Amino acid sequence: MSDEMRSEIIRLARAYHEARPEPRFIPGETYIPPSGKVMDGEDCAHLIDASLDMWLTAGRFADQFEEELAEKFGRRYSKLTVSGSAANLLAFACLTSWKLGEKRIRPGDEVITVAAGFPTTVTPIVQYGCIPVFVDVDLHTHNVDVDLLEAAITPKTRAVMIAHSLGNPFDVARVAALCKQHGLYLVEDCCDAFGASVDGQHVGTFGDVATLSFYPAHHITMGEGGAVLMNSPLLAKIAESFRDWGRDCYCKPGQDNTCNKRYGWRLGELPKGYDHKYTYSHIGYNLKVSDMQAAVGVSQLKKLDRFVERRRENFRGLTERLLARGLDRYYHLPVPTPNTEPSWFGYLLTLRDGAGVDRNLLTKTLEERKVGTRMLFAGNLTKQPAFRDVEYRVHGGLENTDKIMLDSFWVGVWPGIDEPRLDYMVDTLLDVTRELAGSGRTIEKVRAVG
């Protein structure tokens, strides 16, 4: 009887979600967010299925999601965690472990990255006492300038940690080759780029460690969540340790004595036989997910390919409309990095010099007319108040990064955007751009950013 009841509850949950009406799009009244989630009845069914277990920490769905995610991503191991930011923290933490011996990253080491991006790609470098070395990006792919990256390498450099910006891969094959040549770790932040590839190879499979985010804005979602992915069994074990309180034991929740010598270890200065479940090899965290989150991830992963293709279609649709309306006169339009297949997260527009339009007034007006916009995250991290007292180094200038901070914004390409929304977005952008360019109404910019 209980199995029949469970099946009926899950069936009704699926039906309830699928019966909900889709809100009608009304141009000028319905807000078009720059990012969002697409959920269906199967996601709801998975969520209810997991909740009926009343197993509130990681369990069967977490095991399933980790296995299927690693296979889909193209790595041997994946370790789920509470967010993409936590994934970046864990990825970098792994590389500081004493278990790596002389190859470990230590305080004072330099790590090359970019300032035009999301802060938590960089903050783990700071949190572990290392020195971020910022290099500039280009205006078309909004990705790292690899020539500058190569020139920034010094004997103090130990790693490169960079995101594939807005789903457009950086030249990761060249960067990986440089890292191999100089003995550097490579951390690929793929939080905005799940499903992208370079010469047919998945992003995230070039470096030592890669990260994903499953926040609702991203390619698939489980609400809050992220993952660290790798091929190395040692790094996988280290990541699990840092994630699970720093413990040395690798038993799953609810299990004991997986190693069959729970009371036979002698580690550190502990007495021989001290319970391995309470032996800690790292200064760790508790960053595990719930099984209900993982259940949604299992369901969402099945739809990844469809979501990615829809993002690509929307990117192409925006580009075609923008070119047809002549908006490339005012904006640099984003282009894919050569030899890549992006998995677009957003559509970045950068005002051309002399366009006569103020970005702040432009985005304010677009928001008023129900077209959602976002900055390229932090703009220039070195200008953020959080970095006021941070030790960092800049190799060369950050002119393009400053340009992006002042003149760039992005609009959505997520699967919830359809053809009528694309039409309204471009029509509105054209109207607002022409109005502002012709009116002389601008907000004074502070361009003394050096």
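The values are calculated or read from the model by the stated rules, or taken from the named source; none is laboratory data. Computed from a prediction, not measured in an experiment: that's the story for all the values here. So basically every Cβ, Gly included, is an ideal-geometry build from the backbone, and we count neighbours across all protein chains shown.
Scan T319, T363, T350 and give me the residue that is buried (at least 22 other Cβ atoms within 10 Å of the Cβ) and within 25 Å of the chain's Cα centre (by Cα). Reasoning before the result, please.
Details: T319 fails: buried (at least 22 other Cβ atoms within 10 Å of the Cβ); T363 fails: buried (at least 22 other Cβ atoms within 10 Å of the Cβ).
The unique qualifying residue is T350.
Please work out if L333 is among the aliphatic types (A, V, I, L, M), modelled with pLDDT of 95 or more and over 20 Å from the mean Cα position of the chain (by Cα). Reasoning before the result, please.
On the way: among the aliphatic types (A, V, I, L, M): yes; modelled with pLDDT of 95 or more: yes; over 20 Å from the mean Cα position of the chain (by Cα): yes.
So L333 passes the test.
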Unmet criterion (only one of (1) of a type outside the set (S, T, Y); (2) buried (at least 17 other Cβ atoms within 10 Å of the Cβ); (3) closer than 27 Å to V203 by Cα) for P338: (2)
query: If you go through region 205-220 one residue at a time, do you hit one that is in contact with a Ser or Thr (Cβ under 6 Å, 6 or more places away or on another chain), buried (at least 24 other Cβ atoms within 10 Å of the Cβ) and under 25 Å from K302 (Cβ atoms)?
result: yes
field: All positions within region 328-350 that are farther than 17 Å from G412 by Cα, not in a loop (DSSP other than H, G, I, E, B) and not β-branched (V, I, T)
entry: D328, R329, E341
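If I ask for residues that are assigned to a helix (DSSP H, G or I) and among the acidic types (D, E), which ones from region 351-370 would you list?
Residues of region 351-370 assigned to a helix (DSSP H, G or I): 359-368.
Those that are assigned to a helix (DSSP H, G or I) and among the acidic types (D, E): E367, E368.
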message: Of the conditions (1) within 21 Å of G226 (Cα to Cα); (2) surrounded by fewer than 20 Cβ atoms within 10 Å (Cβ to Cβ), T113 satisfies every one except a single condition; which number is it?
response: (2)
statement: Filtering region 34-53 down to residues that are part of a loop (DSSP other than H, G, I, E, B) and either modelled with pLDDT under 95 or closer than 16 Å to G223 by Cα (or both) yields S35, G36, K37, V38, M39, D40
Members of region 251-278 that are touching a helix residue (DSSP H, G or I) at 6+ places or on another chain (Cβ under 6 Å) and within 26 Å of D63 (Cα to Cα): R262
message: Condition first: exposed (fewer than 13 other Cβ atoms within 10 Å of the Cβ) and either within 18 Å of G225 (Cβ to Cβ) or free of Cβ contacts under 8 Å to residues at least 12 places away in the same chain (or both). Now tell me which residues in region 13-55 satisfy that.
response: A19, R20, P21, E22, P23, R24, I26, M54
query: For region 322-349, how many residues are closer than 19 Å to P33 by Cα and not aliphatic (A, V, I, L, M)?
result: 5
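Here is a yes/no grid of residues against (1) among the aromatic types (F, W, Y); (2) more than 15 Å from the chain's Cα centre (by Cα); (3) not in a helix (DSSP H, G or I):
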position	(1), (2), (3)
E66	no, yes, no
A70	no, yes, no
R75	no, yes, yes
S85	no, no, no
A91	no, no, no
G101	no, yes, no
R106	no, yes, yes
V111	no, yes, yes
statement: By residue number, the members of region 150-185 that are in contact with an Asp or Glu (Cβ under 7 Å, 6 or more places away or on another chain), more than 23 Å from L139 (Cα to Cα) and not charged (D, E, K, R) are T154, T157, Y185
query: Under the condition of being surrounded by 15 or more Cβ atoms within 10 Å (Cβ to Cβ) and without any contact (Cβ under 8 Å) to a residue 24 or more places away in the chain, which residue from region 251-270 is farthest from T96 (Cα to Cα)?
result: R262
task: Those residues that are more than 20 Å from Q255 (Cβ to Cβ) and free of Cβ contacts under 8 Å to residues at least 60 places away in the same chain, I need them from region 271-284; list them, please.
output: P271, K272, I283
message: Condition first: surrounded by fewer than 18 Cβ atoms within 10 Å (Cβ to Cβ) and of a type in the set (G, A, S). Now tell me which residues in region 150-195 satisfy that.
response: A151, A173, A177, G183
